[in-house]
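Nothing in this text is a laboratory measurement; each read-out follows from the coordinates by a stated rule. Please read all numbers here as calculations on a predicted model, not as lab measurements. Cβ coordinates were reconstructed from backbone atoms using ideal geometry, including for glycine residues, and neighbour counts include every protein chain displayed.
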Amino acid sequence: MKKLVVASSNPGKIREFEQMLTPLGFEIVPQSQLGVADADEPHATFVENALAKARHASRLSHMPAFADDSGICVAALAGEPGVHSARYAGVANAPAQDRAIQDNRNNEKLIASLSRKRDRRAHYYCVIVLVRNPNDPEPLIAEGRWHGEVLAEARGSGGFGYDPYFYVPALGRTAAELDASEKNAVSHRGQALKHLVARLVEERA
């Protein structure tokens, strides 16, 4: 499985996947290059959504495919936005050029929802599912969690999504204040990818 289709149209996610997997010898092919549209994400759990997206991309591309489903889970909001993180403010699947607008709307809603909350604890969660074929009965599943808290004001210009508001006490910076290599080393997506790569290496052995 040297060539893998990534079932995402999010340029930020695709960039992170390429940064982490290309040096390991994997060729990452965004599904959009193959004319594959985004799959629906109707499920209540991250893993179900990731599996649906991976199977959809594999079915239409006739190649191994992987997908992640990720989001920010806030303690004071009973885990919300959770699986609704990308469309928390009500707009789903915004075109790439509108993602910054969507991110701003999502962040505005999150900050407003926490305005009267003292507990600012949150964590990013990511699950990655890889299927070798559309009907793979043993998909590879890897997950990661990144703990922090939500700030009332944005800091930093890197990353995407909720990164400017996601503060990591252990680092003294927000996710948006980390450079790509720093973020990839500790993020939820970085952790999940490390677990996935370990599984892929096992299969090669």
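The table for this structure:
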read-out: Taking the range 60-169 and dividing mean pair separation by its residue count, relative contact order in percent (alpha carbons under 8 Å, at least six apart); value: 29 percent
read-out: Under 23 Å from the Cα of LYS117 - lysines, other chains or at least 8 residues apart; value: LYS109
read-out: Helix axis angle, 99-113 relative to the chain longest principal axis, alpha carbon, degrees; value: 50 degrees
read-out: Normalised contact order of the range 1-119, rounded percent, pairs of Cα under 8 Å and 6 or more residues apart; value: 22 percent
read-out: Computed over the range 112-177: relative contact order in percent, which uses C-alpha pairs under 8 Å that are six or more apart; value: 25 percent
read-out: Residue exposure sequence - TYR88, TYR162 - by fewest surrounding Cβ within 10 Å; value: TYR88, TYR162
read-out: Under 30 Å from the Cα of LYS2 - lysines, other chains or at least 8 residues apart; value: LYS13, LYS53, LYS183, LYS194
read-out: Inter-part distance where the range 102-171 and the range 31-89 are each reduced to a Cα centre, Å; value: 14 Å
read-out: Cα long-axis angle, helix 188-204 against the chain (0 to 90 degrees, to the nearest 10); value: 20 degrees
read-out: Set of the range 29-57 residues, backbone N closer than 19 Å to the point 7 Å along the Cα-Cβ line of ASN135; value: 51-57
